[in-house]
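The values are calculated or read from the model by the stated rules, or taken from the named source; none is laboratory data. Everything numeric in this text was worked out from a predicted model, so none of it was measured. We place every Cβ from the backbone using ideal geometry, glycine too, and count neighbours over all the protein chains shown.
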Ligand code: ATP
Ligand code: MG
Ligand code: FE
């Protein structure tokens, strides 16, 4: 079974062909990062326009790289939410047109479920049930993946997402967008114990809050500047990264213990963070579980994960209607 995956929810135009849900035949990503960098973040209207320019060349390249024709494809999987509405509509319209014209099923994919499914590419033996820590630019959640098509929300963030905190702090520090990789790089030369930023643990063990931590870092930078004290930026980056990952790891371990699940997977852009990977792998091991994470290119937005998710929908006969619309605030799982 060959699935064509299409992704355009934010600032990456991506297409991919995946065979039998786990073999990557092609992975094309056209990133707009350099365009949005001068504005310090994604400008929705510019993103939509760039998607329109790139979508067909990217899809053609994905088919060409995979050495398959459109007629050989068994289904077209596409992100229909969450994301920027104008951006989503470009990929969704292209997917509908291709699926309709070739008589293949349309598979509307939840982008966040896609992030989770990136792990099936990296670990060919991974099977539900397992726990997922979704840490992306717009989301932070702990999820029980009970089957290939069933997801149970354990808890999520009340305010900022982990990636959003990285991006906002980076912006205040004058680092380019996206901030996560920049903070990680800067943190390599810093002392993670230098500054004790607050770690909000909350009463609900599976809920997160990062806005207090974010404000505390920004206030620290502000106060030091006002007092004309030299700031060790690497120490700030390392200490913030330490605080965020402490919370993510502690809550994940609580979830491992509460659910008894033996595997935890990382999903979303922040999964690329080595400190998070290393700390979570060690803590999971101590709790009797194993950590799986995607390779770096599959942590951030891509269409491989969308094709992979689409394959399991195809197998289960979960086909989308032709009037499927973009859902900018599409939710993940359900509240248990
Ligand atoms: P969502 O998936 O929630 O819709 P998104 O698609 O914009 O949001 P992703 O592409 O999954 O987000 O991830 C991008 C985020 O990951 C950004 O916030 C970025 O700063 C962060 N990120 C990427 N690499 C790293 C890293 N090495 N360390 C920390 N954060 C990182
Ligand atoms: Mg992006
Ligand atoms: Fe994403």
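Note on the range 107-163: enclosed strands (runs of 3 or more DSSP E) holding 3 or more residues that are within 14 Å of ligand 3 (Cβ to nearest atom), at pLDDT 95 or above and under 17 Å from residue 249 (Cα atoms) are 130-135. Taking the range 229-312 and the helices (runs of 4 or more DSSP H) fully enclosed by it, the elements with 3 or more residues that are crowded, with 24+ Cβ neighbours inside 10 Å are at 233-259. When the range 29-45 is filtered for residues that are away from ligand 1 (no atom under 15 Å from the Cβ) and farther than 21 Å from residue 181 by Cβ, only 45 remains. Among residues of the range 98-123 that are free of Cβ contacts under 8 Å to residues at least 40 places away in the same chain and over 19 Å from residue 84 (Cα atoms), those with a beta-carbon under 7 Å from a residue that is in a helix (DSSP H, G or I) and more than 16 Å from ligand 2 (Cβ to nearest atom) at least six positions away or on a different chain give the pairs 102/70; 102/71.
Check whether at least one residue in the range 91-105 is in a helix (DSSP H, G or I) and within 16 Å of ligand 2 (Cβ to nearest atom), and report yes or no. So far as the range 91-105 goes, yes, one or more of its residues are in a helix (DSSP H, G or I) and within 16 Å of ligand 2 (Cβ to nearest atom). Quick one: in the range 26-44, of everything that is closer than 13 Å to residue 11 by Cα and part of a strand (DSSP E or B), which residue is farthest from ligand 2 (Cβ to nearest atom)? Per the criteria, the residue is 30.
Residue 48 fulfils the conditions (1) out of contact with any helix residue (DSSP H, G or I) (no Cβ under 9 Å at 6 or more places or on another chain); (2) assigned to a helix (DSSP H, G or I) except for a single criterion, (1).
Pairing each residue of the range 1-26 that is without any contact (Cβ under 8 Å) to a residue 60 or more places away in the chain with any residue that is within 16 Å of ligand 3 (Cβ to nearest atom), provided the two are 6+ apart or on different chains, yields C-beta distances under 7 Å for 26/16.
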